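Below is one structure, written out as structure tokens, with a few remarks after it.
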Amino acid sequence: MLRLDLEIDLLEGKVAVKDLPKVWNERFNAYLGVTPPDDRDGCLQDIHWYDGAWGYFPTYTLGAMAAAQLYAAAKKADPGIVPGIRRGEFAPLMAWLKRNVHGKGSLMTTDELMAEATGEPLSDRAFRAHLKARYFEGEG
């Protein structure tokens, strides 16, 4: 969220590039209660901004949302997927993905593909459930 908020503020002219390290540190401290020791571990900690990849970070979250939704639909369609993965057997999951995603990916928009593969458009419901199970309840 920090990156997205700052990118929006930079694009809207609310934050000047020269002020980015200072504003990053202030917001990082406000969000997490710590201040990075330097810019290398602060606003320049990865390649996205100094490589010119603005707006890139939110796409990770969109991908994670889609993955969680697809995985939830696959598990519902084939209850044997999770036990198979626990045994190191990925063939059932890969078969579901091939039928529902890989074989159709270039023929549909993302919205169409998600709706057809999962029964609903992309939403945060499955991602929230995944995060809750993983970080607050454990995944068994």
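Bear in mind that the values in this text are calculations on the coordinates, not laboratory data. Just so you know, these numbers come straight off a predicted model, no measurement behind them. Cβ atoms come from the backbone with ideal geometry, glycine included; neighbour counts cover every protein chain shown.
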- request: May I ask you to derive the FRET efficiency for Asp38 and Leu2 from their Cβ-Cβ distance with R0 = 22 Å, giving the value to the nearest 0.05?
  value: 0.85
message: Placing one identical point scatterer on every Cα of the chain and ignoring solvent, what is log10 I(q)/I(0) from the Debye formula at q = 0.13 Å⁻¹?
response: -0.77
query: Could you give the angle, 0 to 90 degrees to the nearest 10, between helix 20-32's Cα long axis and the longest principal axis of the Cα atoms of the chain?
result: 60 degrees
- prompt: Looking at the chain, how many pairs of lysines come closer than 25 Å at the Cα, when each pair is eight or more places apart or spans two chains?
  reply: 7
- request: May I ask you to compute the full-extension gain from Leu62 to Leu107, defined as 0.36 nm times their residue separation minus their alpha-carbon distance, rounded to one decimal in nm?
  value: 14.2 nm
- prompt: What is the mean projected area of the alpha carbon convex hull for the range 2-55, to one decimal in square nanometres?
  reply: 3.5 nm²
- prompt: For the range 2-55, with only Lys/Arg (+1) and Asp/Glu (-1) charged at the beta-carbon, what is the dipole magnitude about the Cα centre, in debye rounded to 20?
  reply: 100 debye
query: So how far apart, in nm, are the two label points at Ala95 and Val17 if each is 7 Å from Cα heading toward Cβ?
result: 5.4 nm
field: Near-label residues of the range 1-22 by backbone N, under 18 Å of a point 7 Å along Cα→Cβ of Gln45
entry: 1-8, 20-22
- prompt: Put +1 on the Cβ of each Lys and Arg and -1 on the Cβ of each Asp and Glu in the chain; which of Thr59, Leu97, Val15 then has its Cα farthest toward the positive end of the dipole?
  reply: Leu97
statement: CD proxy, 222 nm, the chain: helix-only mean residue ellipticity via -39,500 (n - 2.57) per DSSP H run with n ≥ 4, per residue, nearest 500, stands at -16000 deg cm²/dmol
- request: Any chance you could tell me what percent of the C-alpha pair distances in the range 59-137 go past 14 Å?
  value: 63 percent
field: Helix axis angle, 57-77 relative to the chain longest principal axis, alpha carbon, degrees
entry: 20 degrees
query: With the radius of gyration and the Kirkwood radius both derived from the Cα set of the range 57-104, what is their ratio Rg to Rh?
result: 1.03
